[in-house]
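The values are calculated or read from the model by the stated rules, or taken from the named source; none is laboratory data. It should be emphasised that the depicted structure is a prediction, and the values quoted were computed from it without experimental measurement. Counting neighbours? That spans all protein chains shown, and the Cβs are built from the backbone with ideal geometry, glycine included. We work out accessible area using only protein heavy atoms, side chains counted, and drop any ligands, DNA or RNA first. Shrake-Rupley method; radii C 1.70, N 1.55, O 1.52, S 1.80 Å.
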Amino acid sequence: MRWLIRKINRKGKGQVSYEEDVHYGDVLSIGRGADQAIFLSDLRAALEHARVTALGGGKYRVESLITAGIRINGGLAQTGALSAGGVIEIGSTRIELL
């Protein structure tokens with residue numbers, strides 16, 4: 001599977017910049033570690049904070065790799081199922097699956 005990761009950086013006074021990266025594989029890792037597919041600079045994120053696994057048919061499983069959990073569609077959870085439009089929040093980072 002191919003994941004397109006688009007990072008949107010909002011700067012002052014309506015300025016926006018974009019960074020794009022492509023990740024290959026069925027699992028997308030998220031965290032503060034340099035080896036993560038989605039790198040988070042937020043100190044509230046663990047080195048390996050969460051992972052998203054493609055289940056097929058536009059469905060995804062999200063797992064927290066730490067005991068504190070993550071926000072999935074606004075609620076605190078350890079695991080959850082998402083589809084397009086689902087939102088994962090870790091620290092000040094908001095990740096939306098499209």
*Residue in the stretch 30-60 that is most open to solvent (accessible area, probe 1.4 Å), counting only those that are of a type in the set (G, A, S) and within 17 Å of A77 (Cα to Cα)*: A46
_Check on D35, of a type in the set (D, E) and assigned to a loop (DSSP other than H, G, I, E, B)_ = yes
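I'd like the residue in the stretch 1-21 that is open to solvent by 60 Å² or more (accessible area, probe 1.4 Å) and among the hydrophobic types (A, V, I, L, M, F, W, C) and, out of all such residues, is farthest from I66 (Cα to Cα). Don't jump to the end; show me each part of the working.
Residues of the stretch 1-21 open to solvent by 60 Å² or more (accessible area, probe 1.4 Å): 1-2, 4, 6-8, 10-11, 13-16, 18-21.
Subsequent filtering for residues that are among the hydrophobic types (A, V, I, L, M, F, W, C) retains 1, 4, 8, 16.
Values: M1: 25, L4: 25, I8: 26, V16: 32 Å.
Out of the qualifying residues, it is V16.
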*Restricting attention to the stretch 80-95, report how many residues are polar (S, T, N, Q) and either in contact with a Gly (Cβ under 6 Å, 6 or more places away or on another chain) or touching a residue at least 60 places away in the same chain (Cβ under 8 Å) (or both).*
1
*In the stretch 66-98, how many are among the hydroxyl-bearing types (S, T, Y), assigned to a strand (DSSP E or B) and open to solvent by less than 70 Å² (accessible area, probe 1.4 Å)?*
1
